[in-house]
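Input: a single structure, listed below in structure tokens.
The values are calculated or read from the model by the stated rules, or taken from the named source; none is laboratory data. No experiment lies behind these values; they were computed from the predicted model shown. Glycine also receives a Cβ, built like all others from the backbone with ideal geometry; neighbour counts cover every protein chain displayed.
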Amino acid sequence: MPAVRADAVGRLRDAHALSRVARSAADPEVRQRAVAAVTDGAALAEIAARSEHKDAAVAAVDRIEDAEALRTVAARARNKAAARRARERMEVLRPAAVGRPAEDEVAEGAVNASDEEDMGGEDVTSGESAANAPAGGRSASPEDVSEAAAPAAQAEPAAADVPAGEGSAPEAPSLAPRLRADRRERTAQAEALCARLTALVAANPFSLRDAEVALREARLPHDDLAALPPKLARQLREARAALFARAQEAREAEEWSRWGNATAQEELCRRMEALAAQTDLEKAAKELRTLDGRWAEVRIAPRDEATSLRQRYQTARAPIKEKLDAYFAEKAARENENLRLKQELAGKAEALADSTEWMKASEELKALQARWKEIGPAPRKPGDAVWKRFRAACDRFFSRRQEDLKKRKQEWAANMARKQALCERAEALAGSTDWEATAAEARKLQAEWKTVGPVRRDRSEAVWQRFRTACDAFFERYKHRDEAERQARLAQREAAVKELEALVAGAGTDPAPPGVAEEIQKLVARARQGTALPAAEEEALSGRIAAARERAVAGWPEAFRGTDLDPEAGRTRREKLLARVESLTAQAEPPASALSGQDLARRLKEALATNTMGGRGEVEAKRRAEVDEVKAAQAAWRRLPPLPGDAGQALEHRFRAACDRFFRDRPPAPAAGRPR
């Protein structure tokens with residue numbers, strides 16, 4: 001066993017794992033080998049400060065060369081010998097000049113705090129220590145733990161002998177839990193902790209994780225222990241020592257179990273890799289089950305090897321498992337495929353046994369019978385049962401078919417008459433323009449068609465195509481009904497324009513017909529109603545309407561006297577609108593580009609003065625009002641009746657020119673905003 005432990009330590013490379021072995025291993029030789037293998041200064045300082053074993057802690061201190069690390073060990077070491085050795089090493093590494101340095105005094109004074117910090121336990125977790133550290137041959141005994149905890153008890157009189165203010169240094173702050181200040185509460189808390197430690201020692205099964213948590217909680221400072229009754233303090237130390245010993249045994253057992261499992265897993269990997277050459281798949285399956293069962297027993301291995309071993313095992317297992325899966329699947333298929341196929345055919349035959357689709361079902365059943373003959377034999381008892389099912393289903397269908405064949409010829413004739421009647425009704429609806437009512441009726445015919453039974457096969461397609469063609473003809477028109485209505489409305493507008501042009505064709509040569517003014521206004525209103533055309537076509541149609549109206553007014557002026565189309569009244573209104581627009585145009589100031597430098601400077605000065613006095617908003621409001629007035633005049637101008645002749649064209653030219661000049665000389669005013 002010592003050789004095995006030494007070999008295990010020699011295989012460790014992780015500094016953290018070596019540190020935990022050096023601090024917690026029960027075998028002194030294993031601890032010494034672990035300390036010798038550690039090269040990291042931080043790991044050595046951790047061993048020296050946290051180890052409860054004097055040999056490991058002192059050996060780690062001897063290898064520390066950093067004065068700061070030695071100072072930390074001197075102040076925090078759990079073992080007094082390690083703390084004392086750290087102070088000696090500090091003296092060697094940095095001799096004192098006159099007297100002892102203040103740092104060493106602090107370190108020496110803080111040794112009591114390090115002794116009080118723990119009762120001899122170790123801050124262990126269930127993580128990497130269990131995976132990477134080898135175990136010793138024997139478990140820590142209560143005497144070992146008690147010996148490790150002795151400095152805490154011995155520190156009490158030592159601390160009491162030091163007078164206040166003489167050579168004492170501030171204690172290092174303790175991270176251990178503290179007992180309550182109240183005496184009764186403190187005693188009750190200590191008793192509860194002692195009872196918990198005792199219960200964990202006697203627990204079966206033993207929980208290493210719970211033990212480690214309890215050990216951390218039981219690391220009480222020296223002053224807390226000193227405040228307890230001596231008997232209770234002794235019981236608490238003994239309970240913690242016993243729990244630490246059992247936790248140590250559990251850790252070592254788990255660690256050695258992991259190392260032993262690694263060897264077993266390597267053997268299982270070799271056996272699994274050799275199994276790939278086995279040609280007898282029955283034997284291979286049996287061996288695979290054996291290996292999988294054994295692997296489940298040794299599945300926990302050191303973490304630095306667990307992943308690689310598991311991947312190696314799975315890599316070797318995967319192709320074997322795939323081969324066996326295929327083999328057993330094929331074997332099961334050979335034994336059950338015939339029965340499954342026949343059961344499937346029997347189910348299909350039973351589904352068709354009550355069918356009324358005689359031709360289709362008959363063809364499918366014949367195909368099923370042919371497929372049945374191709375399938376090989378099945379197990380006797382289930383095979384006979386499924387054969388009876390299949391035969392009964394076929395007999396039932398073909399018996400019903402013979403009985404139904406006698407009735408179908410009469411039904412075919414009646415169904416053909418009904419379908420022909422539906423075709424005639426659908427053909428009568430094809431040209432209807434009552435869209436919604438006709439669409440509902442056509443859908444009703446289609447639904448009724450579905451209720452009609454079959455006809456003779458050689459006439460079925462022809463009557464169906466007849467009915468479908470009639471329905472499609474209507475629904476195609478129904479789909480484009482909006483375009484058809486638009487075309488109809490456009491035709492109405494075109495008809496109104498043509499009627500207007502025909503009415504005014506004799507204007508100027510023939511006398512005006514009675515009520516011609518009212519008739520023309522009605523025709524113009526009709527021609528302008530309806531769907532709008534594209535811009536070019538709308539402009540052309542509007543031009544024809546205007547030309548016809550102007551011709552009528554020019555040829556029959558007396559007929560429009562006093563009406564909305566009276567030329568003289570229109571002239572007067574046009575002149576007023578023209579005068580107003582020209583007046584507004586004359587008031588507009590010339591653009592800045594047309595001004596000289598002096599005039600532009602004067603305008604800027606006036607604008608600044610207006611803005612300063614708060615008149616800018618009024619100017620902009622006035623400008624917007626003038627723009628709105630000109631736009632209103634343009635809209636009113638377009639509503640006036642046409643003014644025939646050169647006079648009308650001259651007024652039209654003057655009005656357009658005035659509007660263009662107004663908007664050119666007076667650009668739109670900027671949006672109103674907050675005055676600056």
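For A569, are the conditions met, namely being at pLDDT 70 or above, farther than 19 Å from R623 by Cα and surrounded by 11 or more Cβ atoms within 10 Å (Cβ to Cβ)? Full working, then the answer.
On the way: at pLDDT 70 or above: no; farther than 19 Å from R623 by Cα: yes; surrounded by 11 or more Cβ atoms within 10 Å (Cβ to Cβ): yes.
Taking the combined requirement at face value, the residue does not satisfy it.
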Only one of A56, A36, A25 that is surrounded by fewer than 24 Cβ atoms within 10 Å (Cβ to Cβ) and modelled with pLDDT of 80 or more: A36
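When you scan the range 379-398, do you find a residue that is charged (D, E, K, R), in a helix (DSSP H, G or I) and within 54 Å of the chain's Cα centre (by Cα), even just one? Step through it out loud before you land on a result.
Of all residues in the range 379-398, those charged (D, E, K, R) come to 380-381, 384, 388-389, 391, 395-396.
With in a helix (DSSP H, G or I) added as a condition, the list becomes 380-381, 384, 388-389, 391, 395-396.
If we keep only those that are within 54 Å of the chain's Cα centre (by Cα) too, we end up with 389.
Looking for residues that are charged (D, E, K, R), in a helix (DSSP H, G or I) and within 54 Å of the chain's Cα centre (by Cα), one finds at least one in the range 379-398, hence yes.
If I go through the range 273-287 residue by residue, how many of them are assigned to a loop (DSSP other than H, G, I, E, B) and farther than 19 Å from R312 by Cα?
Total meeting the criteria: 2.
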Inside the range 348-360, the number of residues satisfying the requirement of being out of contact with any Lys or Arg (no Cβ under 8 Å at 6 or more places or on another chain) and surrounded by 14 or more Cβ atoms within 10 Å (Cβ to Cβ) is 3
Kindly indicate whether any position in the range 446-459 is touching a Gly at 6+ places or on another chain (Cβ under 9 Å) and among the aliphatic types (A, V, I, L, M). no
Across the range 75-93, which residue is farthest from A56 (Cα to Cα) among those that are touching a residue at least 40 places away in the same chain (Cβ under 8 Å) and crowded, with 23+ Cβ neighbours inside 10 Å? A75
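Answer with yes or no whether R216 is in a helix (DSSP H, G or I) and modelled with pLDDT of 85 or more. Let's see the steps before the verdict.
Numbers: in a helix (DSSP H, G or I): yes; modelled with pLDDT of 85 or more: no.
In short, no.
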